[in-house]
Every structure is written in structure tokens, then in C-alpha cells.
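> Starting off with a structure, shown below.
The values are calculated or read from the model by the stated rules, or taken from the named source; none is laboratory data. Keep in mind that what you see is a predicted model, and the values were worked out from it rather than measured. Cβ placement follows ideal geometry from the backbone for every residue including glycine, while neighbour counts extend to all protein chains displayed. In case anyone asks, the SASA skips ligands and DNA or RNA and just uses the protein heavy atoms, side chains included. Shrake-Rupley method; radii C 1.70, N 1.55, O 1.52, S 1.80 Å.
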Amino acid sequence: MPRALLTGITGQDGSYLAELLLSKGYEVHGMVREGTDPARSLVGGSADRIRFHVASLSDAVSLERMVAHAAPDECYHLAAQTHVAVSVADPIATLDANVLGTARLLDACRRQQRPPRFFHASTSQVFGQPLVEPQDETTPAMPVNPYGVSKAAATSLVRIACQTQGLFAVNGILYNHESPRRGPDFVTAKICRAAAAIKKGSAQVLRLGDTSAQRDWGDARDFVEGFWMALQAPTADDYVFATGVLHSVQDVVETAFGAVGLEWRDHVRTDPALYREADPRRLLGDPSKAARVLGWHAKTTFAELIRGMVDSALSAEEAP
């Protein structure tokens, strides 16, 4: 039975990846913070089949102890401070979690007698304001916010570990990916939940910033399959995971409100206070390498993704 260790296991990607690995017969281990109750998290439905370890990305000793106890064949590093606004408000904490945390975990893995294959969840935010479109694995990093800076540095650390320290270490450069498990502070979830709430009569208005902003949005369930595929390849390499199609926030609005039969103009208001000063533009991924080498493709369409998120939000609204 292969063993996998996941950081960020209680989040969107971690919970879906844990379920995927369990379905493939893995023994799954997960890192949680002190005081976390996994049974009440997104991975709660599988919590009784997972071995949890209390550790912190800020504590090298706890990380080394966790890796030694889990003795994984594969380590998926998904935990991070992922919110752009939080990174602007507290860049030091973001850099510590995302850069030093990754360095500590890499070192803990490297010190094992049999180092695990290592997957790092990077992000399209490393490209910031790219000069080329679409972006691929060779596109230069040009981050425009502390989150992007932190992930660009962590991505470089993983490449160095692969090239100079002998680790099988992979960066997945992830474009925006959503699901019914996406937190409400992300714009897609905010819109889908608002459409459901307005449909049910528990809200009337949705306030948004710049709805012309565009992203390459995919489904998290498709993406986590790519994470696993990247660690099954014969050699370590970096991969862009994306759909290769741009959609605007306005597209999300129209699809979500259309799914519940509402006219979005009656409920959506623009709020200049929600605009971002340095918002990346035209982040469009080229997933052709992942398709060619791994056989990975995004399977879920944009419309299917958004409608599924709205349906899930409606079910939550109807729950007692």
C-alpha cells in the first residue's frame, strides 16, 4: 500500500486529493494544526480513514517528526497562505508560511532515508503581469503582490531541490480552480452563494469589484488528478494545470444567476472599494505539456463548474 502525506489536507484541494488517493488504495496521512478537528473539516467524510499529524510549517522539528512518522512515498505540499489581500496586509507572515515553510518541509523530506516524491502547489500568480499569452512552464515570473512573490520563491526552491539535491520534486503551476468546497472569500464562491441566497430570499444584493477581470478557471477535482499524475511520471518536471480558456467575473455572474433564473442586473452592484490596485491580468495557462507528458486534460466545462457550485449553494441554503 503506497503512503502519501498531504499538507493542507483540510482545504479544498487537500480534501479532494485525499479522497482520490484513498480510492486508489493509498494509506493517507495529513498535516493539521493544533486544535483542528478533521471530522469537522472538508475532509471530514474520510477522516476515519486518514492518519493525522499535528505540525506547523513554522516549526522544522514538528515537520521532521511528521515526515519520519508518516514515512510517505509521496508528499503533496498544498498548505499555504493563499489570499492575495491577506498577503498585502501581512507580507511577512505570507513569506514565512509560503517560502520558509516550503523550505522546512523540503528539508524534512530530504533528510529521510528514502525521500518521498514531492509535489508543490504553485500558482499562476507567479506570472503577475505576463508579457506573453498564454503562459507555460518557461514563462518568466513577474509577480505583482506578496503572495505571488512568495510562491515564485517557493517554486524556485522546489526546482533547486530537484536539480541539486536529488529530490523528485515537482511544481504544479495552478491556475484558478474552484468547486463547491471553495471558501466564501473567493469571488466565484461569493457569487454562487449570493445567487443561491437571493433565489431563496435570504439576500437581495451582491456587491462586487471589477467584473471585467478575467481568469482561467478550472475544476479542483480535475486538478488534483493532475497532481497525482505528476508524481507517477518517470522523471520530475514542472507542469501548468489550466483549462486554456479565459472567462471574466462577469461570466461567472451571468452563469450563476442564469442557473437560478434570475436577472443579474436586478441584484448586482459595483463597489469601487472592492477593486484591487495590482490585480494580475490575462493569466491564461497553456496546459499542453501536462497533456502531452501526463495525458492530463481539464474535463469540466466552465458552465458545468459554476452551475454545480450554485446547486451546492442552493442545497446548503435549503438545509435546516
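> Under the condition of being open to solvent by less than 10 Å² (accessible area, probe 1.4 Å) and either part of a loop (DSSP other than H, G, I, E, B) or in contact with an Asp or Glu (Cβ under 8 Å, 6 or more places away or on another chain) (or both), which residue from region 198-216 is nearest to Leu314 (Cα to Cα)?
So the residue we want is Leu208.
> Select from region 223-244 the residues that are open to solvent by less than 10 Å² (accessible area, probe 1.4 Å) and not aliphatic (A, V, I, L, M) and write down the one among them that is nearest to the chain's Cα centre (by Cα).
Phe223
> Pairs needed: first member in region 41-61, among the polar types (S, T, N, Q); second member anywhere, not in a loop (DSSP other than H, G, I, E, B); C-beta distance under 7 Å; at least 6 residues apart or different chains.
Pairs that qualify, where the first residue is among the polar types (S, T, N, Q) and the partner is not in a loop (DSSP other than H, G, I, E, B), are Ser46/Ala18; Ser46/Glu19; Ser46/Leu22; Ser56/Ser62; Ser58/Asp96; Ser58/Gly101.
> Looking at this structure, is Ser87 modelled with pLDDT of 95 or more and among the small types (Gly, Ala, Ser)?
Numbers: modelled with pLDDT of 95 or more: no; among the small types (Gly, Ala, Ser): yes.
When the stated conditions are applied, Ser87 does not pass them.
> So, in region 112-144, how many residues would count as being farther than 18 Å from Thr7 by Cα and not β-branched (Val, Ile, Thr)? Give the steps one after another, and end with the answer.
Of all residues in region 112-144, those farther than 18 Å from Thr7 by Cα come to 113-114, 124-144.
The next check asks that each one be not β-branched (Val, Ile, Thr); those that pass are 113-114, 124-125, 127-131, 133-137, 140-143.
Number satisfying all stated conditions: 18.
> Considering only region 249-294, state which residues are among the small types (Gly, Ala, Ser) and at pLDDT 95 or above.
Looking only at region 249-294, we keep the residues that are among the small types (Gly, Ala, Ser), and these are 256, 258-259, 261, 273, 278, 285, 288, 290-291.
Within region 249-294, Ala256, Gly258, Ala259, Gly261, Gly285, Ser288, Ala290, Ala291 qualify.
> Give the residues of region 188-197 that are farther than 21 Å from Ala242 by Cβ and either out of contact with any strand residue (DSSP E or B) (no Cβ under 8 Å at 6 or more places or on another chain) or open to solvent by less than 10 Å² (accessible area, probe 1.4 Å) (or both), sorted by residue number. Write out each step before concluding.
Just the residues of region 188-197 that are farther than 21 Å from Ala242 by Cβ, to begin with: 190, 193-197.
Passing the criteria: Arg193, Ala195, Ala196, Ala197.
> For Pro234, which of the numbered conditions (1) free of Cβ contacts under 8 Å to residues at least 24 places away in the same chain; (2) in a helix (DSSP H, G or I); (3) within 21 Å of Tyr76 (Cβ to Cβ) fails to hold?
Only one criterion in (1) free of Cβ contacts under 8 Å to residues at least 24 places away in the same chain; (2) in a helix (DSSP H, G or I); (3) within 21 Å of Tyr76 (Cβ to Cβ) is unmet by Pro234, namely (2).
> Scan region 50-72 residue by residue and report those that are farther than 22 Å from Gln12 by Cα, surrounded by fewer than 18 Cβ atoms within 10 Å (Cβ to Cβ) and not hydrophobic (A, V, I, L, M, F, W, C).
Asp59, Arg65, His69
> Hey, among the residues in region 25-38 that are at pLDDT 95 or above and among the small types (Gly, Ala, Ser), which one's surrounded by the most Cβ atoms within 10 Å (Cβ to Cβ)?
Among those that are at pLDDT 95 or above and among the small types (Gly, Ala, Ser), it is Gly30.
> Right, something else. Has region 169-177 got at least one residue that is modelled with pLDDT of 95 or more, touching a His at 6+ places or on another chain (Cβ under 9 Å) and farther than 23 Å from Gln232 by Cβ? Break it down stepwise before answering.
Taking region 169-177 and keeping what is modelled with pLDDT of 95 or more, we get 169-177.
Filter once more, so that each one left must be touching a His at 6+ places or on another chain (Cβ under 9 Å): 169-172.
Pick out the ones that are also farther than 23 Å from Gln232 by Cβ and you get none.
No: region 169-177 contains no residue that is modelled with pLDDT of 95 or more, touching a His at 6+ places or on another chain (Cβ under 9 Å) and farther than 23 Å from Gln232 by Cβ.
> OK, next. Provide a single number: the residues in region 73-103 that are in contact with a Leu (Cβ under 6 Å, 6 or more places away or on another chain) and surrounded by fewer than 20 Cβ atoms within 10 Å (Cβ to Cβ).
1
> On to the next question. Only one of these conditions is not met by Glu133: (1) acidic (Asp, Glu); (2) in contact with a Phe, Trp or Tyr (Cβ under 8 Å, 6 or more places away or on another chain); (3) open to solvent by 50 Å² or more (accessible area, probe 1.4 Å). Which number is it?
Going through the list (1) acidic (Asp, Glu); (2) in contact with a Phe, Trp or Tyr (Cβ under 8 Å, 6 or more places away or on another chain); (3) open to solvent by 50 Å² or more (accessible area, probe 1.4 Å), Glu133 breaks only (2).
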